[in-house]
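This report refers to the structure that appears directly beneath it.
The values are calculated or read from the model by the stated rules, or taken from the named source; none is laboratory data. Remember, it's a predicted structure, so these values are computed and weren't measured experimentally. Methodologically, a virtual Cβ is constructed for each residue, glycine included, from the backbone with ideal geometry; neighbour enumeration extends over all protein chains shown.
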2 protein chains.
Amino acid sequence: MKFGVVIFPSKKLQDLANSYRKRYDPHYALIPPHLTIKNAFTATEEEATYLATQLREIANNYSPLQLKTSKYSSFHPVNNVIYMKVESTSDLESLQSEVNEKLDHEKSEYAFVPHITIGQNLSNDEHSDVYGSLRMSQFQHEEVVDRFHLLYQLENGSWTVYETFRLGKE
Amino acid sequence: MKFGVVIFPSKKLQDLANSYRKRYDPHYALIPPHLTIKNAFTATEEEATYLATQLREIANNYSPLQLKTSKYSSFHPVNNVIYMKVESTSDLESLQSEVNEKLDHEKSEYAFVPHITIGQNLSNDEHSDVYGSLRMSQFQHEEVVDRFHLLYQLENGSWTVYETFRLGKE
């Protein structure tokens, strides 16, 4: 089955993201708004216990993280994905890289661009409409993230949380 | 905001429940299949930390629980809700009652009927069709549940996991 590791931001930021996802993200009903730490990967249900142990150890070594976002961005032309750009910090990068290396011993082929998706699978026209109206908007949002989650995917494509890991608390 | 406490059963049981929920449960896209330990209640985002501390203490005192289900049942005529009936055990009952008392110091007005909803808000006709075909089916499912979750509700009605509590492990 598929597993993934994500951060759920505060309710406030999730509600804001959902106000766009509702219209522009086909994954809207499958998972709450999130910042992906590790993309979907395959493991057995039995391996979940081991994955959780690994993640618990990693979480012990981190303090709660700052999550700052102030603008929308896009992966166009690679992908028509619009997202809230999350400011990279050395802690966030190091958490992401440690989780990826520990869980499957292979480095991702993509650079880590911390983000919260608000639209995807958009046609070129839709992308340029939506991004055109969002790209100039500025906002200030800052919060402290003190946990992340291991999730698994059900047959219908939706995600269930397996376990929460609190940063530096256990 | 609204919080709730639930158990997510194994992927296998969630997939089975979703095969019915997809057609018969309007909450299908809002939350994965679950066994409710504490119904939605109101608390502030700041109180979540305290709620989690309480739940962590409770979880420490329980061993993993048996979850057995072998038939479908219904709350009709009170509610047109069809569910997988989960066999009650003294541990499950005591966990449910402790969670409810600790989190809001008031007893629920309903008796606890452990269940996993697979259909709700059905018309009388739909209820009798669906339940008519399910009520005679027997199956055997047994698993061990070693965790439960505190969730909160977003503005769109969907639920995000705040924290996982492992039974007897911390």
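Can you tell me which residue in region B:1-11 is surrounded by the most Cβ atoms within 10 Å (Cβ to Cβ), limited to those that are within 15 Å of B:Phe148 (Cβ to Cβ) and at the interface with chain A (Cβ under 9 Å from one of its Cβ atoms)? First the steps, then the outcome.
Our first condition is that a residue be within 15 Å of B:Phe148 (Cβ to Cβ); within region B:1-11, this holds for B:3-10.
Remaining after also requiring at the interface with chain A (Cβ under 9 Å from one of its Cβ atoms): B:8, B:10.
Details: B:Phe8: 25, B:Ser10: 15.
By that ranking, first place goes to B:Phe8.
How many of the residues in region A:84-101 are free of Cβ contacts under 8 Å to residues at least 60 places away in the same chain, in contact with a Lys or Arg (Cβ under 9 Å, 6 or more places away or on another chain) and assigned to a helix (DSSP H, G or I)?
3
Mind listing whichever residues of region B:18-43 are hydrophobic (A, V, I, L, M, F, W, C) and closer than 13 Å to A:Ser158 by Cα? Before you say what the answer is, go through the steps one by one.
Filtering region B:18-43 down to residues hydrophobic (A, V, I, L, M, F, W, C) leaves B:29-31, B:35, B:37, B:40-41, B:43.
Within region B:18-43, B:Ala29, B:Leu30, B:Ile31 meet the criteria.
Each row is one residue, and each column tells you yes or no for (1) farther than 27 Å from B:Asn121 by Cα; (2) hydrophobic (A, V, I, L, M, F, W, C); (3) in contact with a strand residue (DSSP E or B) (Cβ under 8 Å, 6 or more places away or on another chain).
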{"residue": "B:Pro26", "(1), (2), (3)": "no, no, no"}
{"residue": "B:Pro33", "(1), (2), (3)": "no, no, yes"}
{"residue": "B:Lys38", "(1), (2), (3)": "no, no, yes"}
{"residue": "B:Glu46", "(1), (2), (3)": "yes, no, no"}
{"residue": "B:Tyr62", "(1), (2), (3)": "yes, no, no"}
{"residue": "B:Lys71", "(1), (2), (3)": "no, no, yes"}
{"residue": "B:Phe75", "(1), (2), (3)": "no, yes, yes"}
{"residue": "B:Asn79", "(1), (2), (3)": "no, no, no"}
{"residue": "B:Met84", "(1), (2), (3)": "no, yes, yes"}
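In region A:114-130, is there at least one residue being modelled with pLDDT of 95 or more, more than 25 Å from B:His149 (Cα to Cα), in contact with a Lys or Arg (Cβ under 8 Å, 6 or more places away or on another chain) and among the hydrophobic types (A, V, I, L, M, F, W, C)?
yes
Going residue by residue through region B:19-31, is there one that turns out to be buried (at least 21 other Cβ atoms within 10 Å of the Cβ) and β-branched (Val, Ile, Thr)?
Yes.
Scan (1) in contact with a strand residue (DSSP E or B) (Cβ under 9 Å, 6 or more places away or on another chain); (2) surrounded by 13 or more Cβ atoms within 10 Å (Cβ to Cβ); (3) not aromatic (Phe, Trp, Tyr) for the single condition A:Ser97 breaks and write down its number.
Among (1) in contact with a strand residue (DSSP E or B) (Cβ under 9 Å, 6 or more places away or on another chain); (2) surrounded by 13 or more Cβ atoms within 10 Å (Cβ to Cβ); (3) not aromatic (Phe, Trp, Tyr), A:Ser97 violates only (1).
Between residues in region B:37-65 that are assigned to a helix (DSSP H, G or I) and residues that are among the small types (Gly, Ala, Ser), which pairs lie under 9 Å by C-beta distance while being six or more apart or on different chains?
Listed pairs, sorted by first residue: B:Tyr50/B:Ala43; B:Leu51/B:Ala43; B:Ala59/B:Gly168; B:Asn60/B:Gly168.
Tell me which residues, restricted to region A:107-133, are more than 14 Å from chain B (Cβ to nearest Cβ), touching a helix residue (DSSP H, G or I) at 6+ places or on another chain (Cβ under 8 Å) and not small (Gly, Ala, Ser). Step through it out loud before you land on a result.
Of the residues in region A:107-133, the ones more than 14 Å from chain B (Cβ to nearest Cβ) are A:107-115, A:117, A:119-133.
Filter once more, keeping what is touching a helix residue (DSSP H, G or I) at 6+ places or on another chain (Cβ under 8 Å): A:107-108, A:112, A:114, A:117, A:119-120, A:122, A:126, A:130.
Matches in region A:107-133: A:Lys107, A:Phe112, A:Pro114, A:Thr117, A:Gln120, A:Leu122, A:Glu126, A:Val130.
Within region A:158-170, which residues are at the interface with chain B (Cβ under 10 Å from one of its Cβ atoms), modelled with pLDDT of 95 or more and either out of contact with any Gly (no Cβ under 8 Å at 6 or more places or on another chain) or on the phi > 0 side of the Ramachandran plot (or both)?
Once the filter is applied, which keeps residues that are at the interface with chain B (Cβ under 10 Å from one of its Cβ atoms), modelled with pLDDT of 95 or more and either out of contact with any Gly (no Cβ under 8 Å at 6 or more places or on another chain) or on the phi > 0 side of the Ramachandran plot (or both), region A:158-170 yields A:Ser158, A:Thr160, A:Val161, A:Tyr162, A:Glu163, A:Thr164, A:Phe165, A:Arg166.
Would you tally the residues in region A:139-170 being among the charged types (D, E, K, R), over 12 Å from A:Gly4 (Cα atoms) and in contact with a strand residue (DSSP E or B) (Cβ under 8 Å, 6 or more places away or on another chain)? Please lay out each step first, then the result.
If we filter region A:139-170 for residues that are among the charged types (D, E, K, R), which is where we start, we get A:142-143, A:146-147, A:155, A:163, A:166, A:169-170.
Imposing the further condition that a residue be over 12 Å from A:Gly4 (Cα atoms) reduces the set to A:142-143, A:146-147, A:155, A:166, A:169-170.
Still in the running and in contact with a strand residue (DSSP E or B) (Cβ under 8 Å, 6 or more places away or on another chain): A:142-143, A:146-147, A:166.
Residues flagged as among the charged types (D, E, K, R), over 12 Å from A:Gly4 (Cα atoms) and in contact with a strand residue (DSSP E or B) (Cβ under 8 Å, 6 or more places away or on another chain) within region A:139-170 amount to 5.
Can you name the residue in region A:12-53 that is under 22 Å from A:Thr89 (Cα atoms) and not hydrophobic (A, V, I, L, M, F, W, C) and is also farthest from the other protein chains (Cβ to nearest Cβ) among such residues? Show your work before the answer.
Going through region A:12-53, the residues under 22 Å from A:Thr89 (Cα atoms) turn out to be A:12-14, A:17, A:33-39.
Pick out the ones that are also not hydrophobic (A, V, I, L, M, F, W, C) and you get A:12, A:14, A:33-34, A:36, A:38-39.
Numbers: A:Lys12: 8, A:Gln14: 5, A:Pro33: 8, A:His34: 9, A:Thr36: 15, A:Lys38: 17, A:Asn39: 19 Å.
Only one residue fits best here, namely A:Asn39.
Go through region A:41-87 and give me each residue that's closer than 22 Å to A:Met136 by Cβ, surrounded by fewer than 18 Cβ atoms within 10 Å (Cβ to Cβ) and among the hydroxyl-bearing types (Ser, Thr, Tyr).
A:Ser70, A:Ser73
Looking at region B:66-83, which of the residues that are hydrophobic (A, V, I, L, M, F, W, C) and either in a loop (DSSP other than H, G, I, E, B) or touching a Phe, Trp or Tyr at 6+ places or on another chain (Cβ under 6 Å) (or both) is nearest to B:Asn156 (Cα to Cα)?
Our first condition is that a residue be hydrophobic (A, V, I, L, M, F, W, C); within region B:66-83, this holds for B:67, B:75, B:78, B:81-82.
Subset that is either in a loop (DSSP other than H, G, I, E, B) or touching a Phe, Trp or Tyr at 6+ places or on another chain (Cβ under 6 Å) (or both): B:75, B:78, B:81-82.
Details: B:Phe75: 26, B:Val78: 27, B:Val81: 22, B:Ile82: 24 Å.
Selected residue: B:Val81.
Could you list all residues from region B:107-133 that are surrounded by 18 or more Cβ atoms within 10 Å (Cβ to Cβ), assigned to a helix (DSSP H, G or I) and touching a residue at least 60 places away in the same chain (Cβ under 8 Å)?
Result: B:Val130, single match.
Name the residue, out of A:His141, A:His149, that is assigned to a strand (DSSP E or B) and within 9 Å of chain B (Cβ to nearest Cβ).
On the way: A:His141 fails: within 9 Å of chain B (Cβ to nearest Cβ).
Only one candidate qualifies: A:His149.
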